[in-house]
Amino acid sequence: MEHKIAIITDIHGNYSALKAVLDDIDKDQTTEHIYCLGDLIGIGYETNEVLRLLTSRTDISFVMGNHDEAILDIIAGKEPYSRGKEKVHHKWIAAHIDKEFIPFLDEIPVTLDAVYNDKKLFFVHYHLSDQQVFIPLDKEPTEAKLDEHYRTSTADIVCFGHHHVIHHFKSNGRLYLNPSSLGCNYQPLAAYAVLTIGNQGEVSVAFREVPYDNKEFLLGYKRLNVPDGEYILKGFFGDQHLKYM
């Protein structure tokens, strides 16, 4: 039978964007499962709203993102990867998270595997080193670089996030897919992808952007005095909030 799955990533604490995407996915009753590729929280401040919605469903599988990991480290009393203002921001998120969600976050794996119609899928937030830590962001990825990194992998499809732009590379029979960030965009659009695997193993990808009202979300950075808010708004949302001032 044909299998259709949705790929979401980098929600970044943006409840309105997440709700819009999940509502859009739910309209298509043939989508059988959702894979979330990490960074559920951080950057955006609607931490508990996002986690409450995600944990209310039984049709989503998760992998750990770097922001999720940093916030969990802070909660556990460990030193996170983040430094400076980013660390202050992560501490603020950690201080405001509802403790009921910590066990859920703690149990999220770093990677997942799945098989649909003999196609092997590998899910990860971003590419891992031999030590199983995220490698530095490559802003100029190529098929050759990706093939070299995954040279020992048997996966037919590698799905990842972290870099907030679409990746759609195919090389040596392998597909590399990043649907772009669901929660961070210079426009009020929430991105995700739908992956369809046919009866004979044929693969198609549809990239989707769902419009949503982000006014209150953007204005909330100032209202709540979110640490590093001005930098976040400019760097991840392109100063969209200025039209509301």
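Side notes on the structure shown:
- Local electrostatic count, Q200, Cβ distance below 14 Å [Lys/Arg +1, Asp/Glu -1]: -3
- Phi to ³J(HN,Hα) by Karplus 6.51 cos²θ - 1.76 cosθ + 1.60 over the range 155-163, Hz, x for Gly, Pro: 5, 8, 9, 10, 10, 8, x, 6, 7
- Against the main long axis of the alpha-carbon atoms of the chain, helix 66-75 sits at an angle near 50°.
- Couplings for the range 37-50, taken from phi via the Karplus curve 6.51 cos²θ - 1.76 cosθ + 1.60 with θ = phi - 60°, read 9, x, 6, 5, 10, x, 6, x, 10, 8, 4, 5, 5, 5 Hz in order; Gly and Pro are left as x.
- DSSP beta bridge pairing in the range 1-70, given as percent antiparallel to the nearest 5: 10
- Taking amide H atoms as placed 1.01 Å from N in the peptide plane, the amide H of D239 lies under 5 Å from those of K234, each 5 or more residues away in sequence or on another chain.
- Counted residue by residue at 0.36 nm each, then reduced by the alpha carbon distance between them, the extension gain from Q132 to N117 reaches 2.6 nm.
- The 3J(HN,Hα) values that the Karplus relation (6.51, -1.76, 1.60; θ = phi - 60°) gives for the range 81-94 are, in residue order, 5, 6, 9, x, 5, 5, 5, 4, 4, 4, 5, 5, 4, 4 Hz. Gly and Pro appear as x.
- Where a label projected 7 Å from the Cα of Y81 along Cα→Cβ would reach, residues of the range 129-145 with amide N under 14 Å: 129-139
- Between helix 15-27 and the chain there is an angle of about 30 degrees, using the helix long axis and the longest principal axis of the Cα atoms.
- Listed by chain and number, the lysines whose C-alpha is less than 18 Å from the C-alpha of K120, apart from same-chain residues fewer than 8 away, are K4, K170.
- Charged neighbours of A191, selected by a Cβ distance under 14 Å, balance to -3 (K, R count +1; D, E count -1).
- Taking one quarter of the surface of the convex hull spanned by the alpha-carbon atoms of the range 183-245 gives a direction-averaged projected area of 5.4 nm².
- Per-q log10 I(q)/I(0), the chain, q = 0.07, 0.11 Å⁻¹ (Debye; single scatterer per alpha-carbon; no solvent): -0.22, -0.56
- Surface per residue (accessible, 1.4 Å probe) for the chain, Å²: 48
- Net charge over other residues, Cβ less than 15 angstrom from the Cβ of K99 (K, R count +1; D, E count -1): -3
- With the simple spin-label model, which puts each label point 7 Å out from Cα in the Cβ direction, the E140 to K234 separation comes to 2.6 nm.
- Nearest-0.05 FRET efficiency for N48 and E2, computed from C-beta distance (R0 35 Å): 0.45
- Within the chain, percent of DSSP bridges classed antiparallel, to nearest 5: 70
- Label-to-label distance, nm, for residues given as N225 and E148 (7 Å Cα→Cβ offset): 4.9
- Accessible area of the chain belonging to carbon and sulfur atoms, whole % at 1.4 Å probe: 49
- For the range 1-125, the spread of Cα coordinates along the three principal axes comes to 49, 28, 23 Å, biggest extent given first.
The values are calculated or read from the model by the stated rules, or taken from the named source; none is laboratory data. Worth saying up front: this structure is predicted, and the values here are computed from it rather than measured. Ideal geometry is used to build each Cβ from the backbone, glycine not excepted, and the neighbour counts take in all protein chains shown. Remember, those area values only see protein heavy atoms, side chains included, never the ligands or the DNA or RNA. Shrake-Rupley method; radii C 1.70, N 1.55, O 1.52, S 1.80 Å.
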